[in-house]
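The values are calculated or read from the model by the stated rules, or taken from the named source; none is laboratory data. Being a predicted model, the structure only gives us computed values, none of them experimental. In this analysis, Cβ positions are derived from the backbone assuming ideal geometry, glycine residues included, and neighbour counts consider all displayed protein chains. All accessible areas refer to the heavy atoms of the entire protein, side chains included, with ligands and DNA or RNA removed. Shrake-Rupley method; radii C 1.70, N 1.55, O 1.52, S 1.80 Å.
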Amino acid sequence: MSAPETTRTIRVATVLTHNQREETAQGIEVLHRAAERFGVELVLEPRDDVRPDVTIVLGGDGATLRALRANAGTGVPVFAINFGRIGFLATADRGELDVGVERALTGRFDVLPLPAIVLDGGDPELFGINEVSFQRRSHLNMAQISYSIAGDDIGERVPCDGLIAATPAGSTGYNLSVGGPILAWGVKAYTVSLIAPHALSARALVAAPEDVLRVVNEGSEPVDIVVDGMRTGDLESAKVVELTFKPNVVGLAQLPGSSFYRRFREKLIQLTS
C-alpha cells in the first residue's frame with residue numbers, strides 16, 4: 001500500500017527565472033493563469049515583507065541553486081521546472097510544465113531536505129549546497145594541500161590543483177568531473193576529492209557527516225575558496241580552515257515516485273552517452 005500524497009497549503013509563491021526571459025515567457029504565462037485559478041499570489045520580485053509558501057524556479061540548475069541558497073534556513077521549499085540544459089536538480093521537466101505548475105501551486109509535492117557544507121568563520125554566506133572547493137589560480141604554481149578528517153591526517157602536502165568537498169546533491173557536479181564518488185540524495189555523508197593530484201596514492205573518499213574536514217594551504221601562494229561556483233575569498237599560505245556537514249538546510253520539491261537512480265540514468269548517462 002502506497003503512502004498518502006503530501007499536500008501543503010500554498011497562498012503565496014515567489015518566482016525565480018534565469019536570464020533568458022524569452023525562453024521562460026510561456027512558463028510565466030502558465031503560472032499566472034494557474035495562480036488565478038487556484039487563488040495563489042505570485043511574487044515576481046524579491047520582497048522582504050512577504051514570506052512565501054514555495055519558491056518556483058523556471059530555469060536550469062544554476063537558477064535552482066541560487067534559489068536553494070536564497071531559501072536556506074527559511075523552511076520554504078524550492079520547486080524547480082527545468083528550462084535549462086540538464087536540469088538535474090529540477091522537480092519537473094519543461095514538457096511537464098502544466099502538471100508541474102499545478103502541483104507547485106496546490107502543494108501536491110514531497111520535500112527532500114538537502115544538506116550543506118559549512119566553512120568556519122561565522123560568515124552566513126560561507127556554505128555550499130553543492131560544494132566548497134579550494135582552487136589554485138591559473139597563473140600561479142601548483143597548490144600544496146594537506147587535509148585531515150576527524151583529526152586523522154589523510155593527505156600531507158599533496159601537490160594538486162585543489163580540493164573539493166561535495167554534498168550528495170553536488171557529487172554529480174564538479175566532484176564528478178574530477179573522478180569523485182557519486183552519492184545518492186538522502187545519503188548522510190559528503191565527498192572529499194582532490195583536483196588533478198600529482199600523487200599516485202591520492203584517492204577520493206566519502207566522509208561521515210559528523211566528521212570535520214580540516215584543510216591547510218601548505219604552499220607559498222594563496223588558493224581561491226569557491227562556494228557553489230562563486231569565489232568567496234582566499235586561503236592564504238599556512239592558513240587553516242575547517243568544514244562541517246550540516247543536514248536539513250533547505251528543501252527541494254520532489255514529485256511522488258521520484259527516484260535518484262532514474263534521474264541519474266536519464267539526466268547524466270543518457271544525455272552524455
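Values as computed for the structure displayed
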item: Largest-first principal axis extents of the Cα set of the range 173-273 (Å); result: 50, 32, 25
item: Area projected by the alpha carbon convex hull of the range 1-126, averaged over all directions, nm²; result: 9.3
item: Cβ crowding within 10 Å averaged over residues, with 144-151, 63-70 ranked highest first; result: 63-70, 144-151
item: Which of LYS239, LYS188, LYS267 is most accessible, then next, and so on - probe 1.4 Å; result: LYS188, LYS239, LYS267
item: Within the range 36-172, percent of DSSP bridges classed antiparallel, to nearest 5; result: 70
item: Inter-site label distance for ASN248 and ASP234 at 7 Å from Cα along Cβ, in nm; result: 4.0
item: Residues VAL12 and ARG137, FRET efficiency given R0 of 41 Å [Cβ-Cβ distance, rounded to 0.05]; result: 0.40
item: Diffusion constant of the range 105-171 at 10 °C, which comes from Stokes-Einstein with the Kirkwood Cα-pair radius and 1.306 mPa s, µm²/s; result: 109
item: Portion, in percent, of the accessible area of the chain that falls on carbon or sulfur, probe 1.4 Å; result: 49
item: Nearest-0.05 FRET efficiency for ARG33 and ILE86, computed from C-beta distance (R0 35 Å); result: 0.80
item: The range 92-222 - Rg (one decimal) and Dmax (whole number), Cα, Å; result: 17.7, 56
item: For the chain, alpha-carbon Rg relative to the globular expectation (2.2 N^0.38 Å, N residues); result: 1.08
item: Estimated inter-spin distance, ARG47 and ALA70, nm [label 7 Å along Cα→Cβ]; result: 1.4
item: Accessible area expressed per residue, the chain, with surrounding protein chains retained (probe 1.4 Å, Å²); result: 49
item: Largest to smallest accessible area among THR191, THR7 [probe 1.4 Å]; result: THR7, THR191
item: With DNA, RNA and ligands ignored, accessible area of PHE79 (1.4 Å probe; Å², nearest 10); result: 0
item: DSSP beta bridges in the chain [antiparallel fraction, %, rounded to 5]; result: 75
item: Residue with peak Gaussian network fluctuation, the chain [Cα springs, cutoff 10 Å], from ASN175, ASN130, ASN19; result: ASN19
item: Per-peptide average of other Cβ atoms within 10 Å, ordering 21-34, 96-109 highest first; result: 96-109, 21-34
